[in-house]
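Take a look at the structure below.
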Amino acid sequence: MLTRALMTKLLFVAHCPSPNTRVIRDAALNALSQMDGVAVRSRDSLQAGATDVQWCDALALGTTENFGAMAGRTKDFFERIYYPLMDQRPALPVVCYVRAGEDGVGTVQGIERIVTGLKWRWAQPPLVLQGAYQDDFAVRAATLLETLAAGTSAGIF
């Protein structure tokens with residue numbers, strides 16, 4: 001009997017308004033591309049929609065902190081998917097990284113409220129990449145997404 005390996009489908013929604021945030025996104029995408037058995041759909045927050053979330057087995061978010069809250073484009077993504085997906089994807093594993101010039105607290109709180117409302121679950125706590133840009137931000141974000149993909153593939157999340 002032939003069996004086919006299951007492919008874990010990961011949706012990566014990222015808002016990348018600067019060269020540094022694009023470096024972070026690209027490092028995560030590169031790390032994921034090296035993993036066997038993982039299909040990645042990467043979308044800008046303005047492109048992503050409810051059908052993308054319905055497609056995936058796990059969701060990774062990347063956003064900036066703007067004026068102490070999540071980026072407007074990230075909020076727009078959530079506003080477009082919230083009611084269409086309410087009660088449709090309970091327990092969807094999710095991770096998030098926040099590129100925060102300040103403390104990231106308001107951004108994380110806003111995203112946590114939405115994740116709770118959608119009945120999704122955190123695979124890992126939100127990662128806040130705080131302060132002046134550091135080269136390890138890209139590595140830390142890539143590791144977060146690799147953990148989500150590996151844990152989802154293994155049935156842990």
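The values are calculated or read from the model by the stated rules, or taken from the named source; none is laboratory data. Here the structure is a predicted model, which is why all the values come from computation and not from measurement. Because the Cβ atoms are built from the backbone with ideal geometry, glycine has one as well, and the counts that use them run over all protein chains shown. What goes into the accessible areas is simple: the full protein's heavy atoms, side chains included, and nothing from ligands, DNA or RNA. Shrake-Rupley method; radii C 1.70, N 1.55, O 1.52, S 1.80 Å.
For the chain, relative contact order (Cα pairs under 8 Å, six or more residues apart, normalised by length) works out to 29 percent. The simple spin-label model puts a point 7 Å past each Cα toward its Cβ; for Gln54 and Lys9 those points are separated by 1.0 nm.
Cβ under 14 Å from Gly117's Cβ, Gly117 left aside: what net charge do those residues give with Lys, Arg +1 and Asp, Glu -1? Could you put the intermediate results ahead of the total?
Numbers: positive: Lys75, Arg89, Arg113, Lys119, Arg121; negative: Glu79, Asp87, Glu112.
Counting the neighbours of Gly117, the net charge comes to +2.
Pairs of Cα atoms in the chain fall into 5 Å distance bins, from 0 up to the last occupied one, in shares of 2, 10, 20, 24, 22, 14, 6, 2, 1, 1, 0, 0 percent.
Report note on the peptides 37-43, 64-70: ranked by the mean count of other C-beta atoms within 10 Å, highest first, their order is 64-70, 37-43. Each other residue within a Cβ distance under 14 Å of Gly104 adds +1 if Lys or Arg and -1 if Asp or Glu, for a net charge of -2. The calculated 222 nm mean residue ellipticity attributable to helices in the chain amounts to -13500 deg cm²/dmol, summing -39500 (n - 2.57) over DSSP H runs of n ≥ 4 and dividing by all residues. Quick check on region 40-157: of the DSSP beta bridges with both residues there, what percent are antiparallel, nearest 5%? Percentage antiparallel, nearest 5: 15. The residues of the chain have, on average, 50 Å² of accessible surface per residue, using a 1.4 Å probe with all protein chains present. Sorted largest first, the principal axis extents computed over the alpha-carbon atoms of region 1-81 equal 57, 27, 17 Å.
Please report, as a whole percent, how much of the solvent-accessible surface of region 36-157 comes from carbon and sulfur atoms (probe radius 1.4 Å). Intermediate values should be presented prior to the final figure.
On the way: 2870 of 5660 Å².
Its accessible area is 51 percent carbon and sulfur atoms.
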